[in-house]
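*Asks:* Take a look at the following structure, please.
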Amino acid sequence: MNQHFDLVIIGGGCAGLSLAYQLSQFGENCPKTLIIEEREAYTNDRTWCFWDVKGPIHRDLAPFKWNTFSIKNNHMDFEYSCNETPYLMLPSDIFYKNTLNAINSNKKIQLLTGEKLVDKVIKRDAWHIPTSKFLATASNVVDTRPIKSMTKKDSLMWQSFVGYEVELDGALFVEDKLVLMDFDSNFKEGLAFIYCLPTSNSRALIEYTVFSEDLFTADQLTDRLLEKIEIYTQNKSYTIIRQEKGILPMGNNHIEQVDDPTYLFAGLFAGAARPSSGYAFQRIQTWSKDCAVELKNNRQLIKFKKDSWMQTWMDFLFITVIKKNPIIGAKIFVELFKNCDVRTVADFMSDHSSFWQKLKIIASLPALTFLSAIPELIRSKRRLGGSIDA
Ligand SMILES: Cc1cc2nc3c(=O)[nH]c(=O)nc-3n(C[C@H](O)[C@H](O)[C@H](O)COP(=O)(O)OP(=O)(O)OC[C@H]3O[C@@H](n4cnc5c(N)ncnc54)[C@H](O)[C@@H]3O)c2cc1C
């Protein structure tokens, strides 16, 4: 049995479901879409955080919000108010439930879970996508599968992390304050810090994160995480409710697109990850909204937007500095928040900063450190095949 679709989405994770969700909003005018997803069921496998800047998409779904955050290490603790741009957290189970409800209520969209491609995707008159149930053919394909095995050379730097959501018997955490970065100066192979998001006075997601040239597995970071959890829970007994982990590219070689506008790679390794943070959620939302409109109106796909040349250079210069000297990273973040208002930093981290805000960020950072990294940045630009061009 063959079935033809206007669009087949391979991989129903954040990017695949976000695109399908946006398409589902067109009702009857939604292109006939098939999503092929490997996993059998959706679980609360991650949390997405973003700043409340310029009405982020799915903002109203986010049940957790903080107006204060701290940047600290063993010797100092700076507290900042982010009232104007609160920090939001959206657990993935809420996102999956909301998007799946919308997708399932649109008859034009079909989701196949527990399904993998049984052979290569090839193009004849249309794309042929062989599933175990039937042969799907499609006019357009969006492929959001992550790259199979990540190696050091696939990205200038990596963000590796592991986190536990822990629950205590009694109240301990300060609910309305998150720890954005608590630097661990004992870690020498990268810039390491604890990220702590209290979701109640007895529950928190505590993560150990490393920005480094090498990739670290969750197993390699777990002992350090447990050590820090002891400190954060003041040696009280706790229960681990949930675990999350990841390795995100920071300045990656994007997957090379196929030379055919009807096949698009999308998602984390196809331009979604912001180089200086690895964050991708809101970038995926913006792309999926734009791509859905283009598909509905012109039956065409659109790639992730390239960042402005200035933002790209700032991000890559930051990565180059940290890569060269990870320990200086803590100083950079302290200086940044000391000299620059939170709104400007949040706008910058959310891809919404003006030229003047970018200048403000540059002016707040240690000039010599950044200037001396420019030659190395130019060398790595060559190694990455010019992928940092605007
Ligand atoms: C634990 C974690 C926390 C994160 N937190 C944040 C955050 O706070 N803020 C932020 O902006 N970003 C965050 N990110 C980064 C980014 O937003 C996520 O990685 C996001 O899920 C990327 O979306 P994606 O669609 O590219 O990949 P995924 O969401 O991983 O989706 C890929 C999908 O493809 C499926 N798949 C794989 N192989 C096949 C196959 N052969 N056939 C069919 N399907 C297949 C997978 O099962 C998966 O569902 C986080 C990432 C992780 C891992």
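The values are calculated or read from the model by the stated rules, or taken from the named source; none is laboratory data. Predicted, not measured: the structure shown is a model, and the values here were computed from it. All Cβ positions, glycine included, derive from the backbone under ideal geometry; neighbour counts span all protein chains shown. Just the protein is used for accessible areas: all its heavy atoms, side chains included, with ligands, DNA and RNA removed. Shrake-Rupley method; radii C 1.70, N 1.55, O 1.52, S 1.80 Å.
*Asks:* Could you list, in sequence order, the residues of region 282-301 that are of a type in the set (Val, Ile, Thr) and more than 16 Å from the ligand (Cβ to nearest atom)? Spell out the reasoning first.
*Replies:* The first filter runs over region 282-301 and keeps only residues of a type in the set (Val, Ile, Thr), leaving 284, 286, 293.
Within region 282-301, just Val293 meets the criteria.
*Asks:* Inside region 1-77, counting only strands (runs of 3 or more DSSP E) that do not spill past its ends, which hold 2 or more residues that are farther than 19 Å from Ala102 by Cα?
*Replies:* 2-10, 47-51, 64-66, 68-72
*Asks:* For region 235-272, name all the residues that are modelled with pLDDT under 95, assigned to a loop (DSSP other than H, G, I, E, B) and either under 24 Å from Ile319 (Cα atoms) or within 13 Å of the ligand (Cβ to nearest atom) (or both).
*Replies:* Of everything in region 235-272, those that are modelled with pLDDT under 95, assigned to a loop (DSSP other than H, G, I, E, B) and either under 24 Å from Ile319 (Cα atoms) or within 13 Å of the ligand (Cβ to nearest atom) (or both) turn out to be Asn253, His254, Ile255, Glu256.
Quick grid of which residues meet (1) part of a loop (DSSP other than H, G, I, E, B); (2) within 16 Å of the ligand (Cβ to nearest atom); (3) within 16 Å of Thr199 (Cβ to Cβ):
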| residue | (1), (2), (3) |
| --- | --- |
| Val142 | no, yes, no |
| Met150 | yes, yes, no |
| Lys153 | no, no, no |
| Leu156 | no, no, no |
| Phe173 | yes, no, yes |
| Met181 | no, yes, no |
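*Asks:* Sticking with this one: Could you please find all residues in region 166-191 being hydrophobic (A, V, I, L, M, F, W, C) and under 18 Å from Phe337 (Cα atoms)?
*Replies:* Within region 166-191, the subset hydrophobic (A, V, I, L, M, F, W, C) is 166, 168, 171-174, 178-181, 183, 187, 191.
Listed by number, the residues that qualify are Leu178, Val179, Leu180, Met181, Phe183, Leu191.
*Asks:* Continuing with the same structure: Considering region 195-215 alone, what residues qualify as being over 20 Å from Lys72 (Cα atoms) and assigned to a strand (DSSP E or B)?
*Replies:* If the condition is that a residue be over 20 Å from Lys72 (Cα atoms) and assigned to a strand (DSSP E or B), then Arg203 is the only one that fits.
*Asks:* Looking only at region 206-244, which residues are of a type in the set (S, T, N, Q) and open to solvent by 60 Å² or more (accessible area, probe 1.4 Å)?
*Replies:* Of everything in region 206-244, those that are of a type in the set (S, T, N, Q) and open to solvent by 60 Å² or more (accessible area, probe 1.4 Å) turn out to be Thr217, Gln220, Gln234, Asn235, Ser237, Thr239, Gln243.
*Asks:* Answer yes if at least one residue in region 36-52 is open to solvent by less than 10 Å² (accessible area, probe 1.4 Å), more than 10 Å from the ligand (Cβ to nearest atom), at pLDDT 95 or above and in contact with an Asp or Glu (Cβ under 8 Å, 6 or more places away or on another chain), and no otherwise.
*Replies:* no
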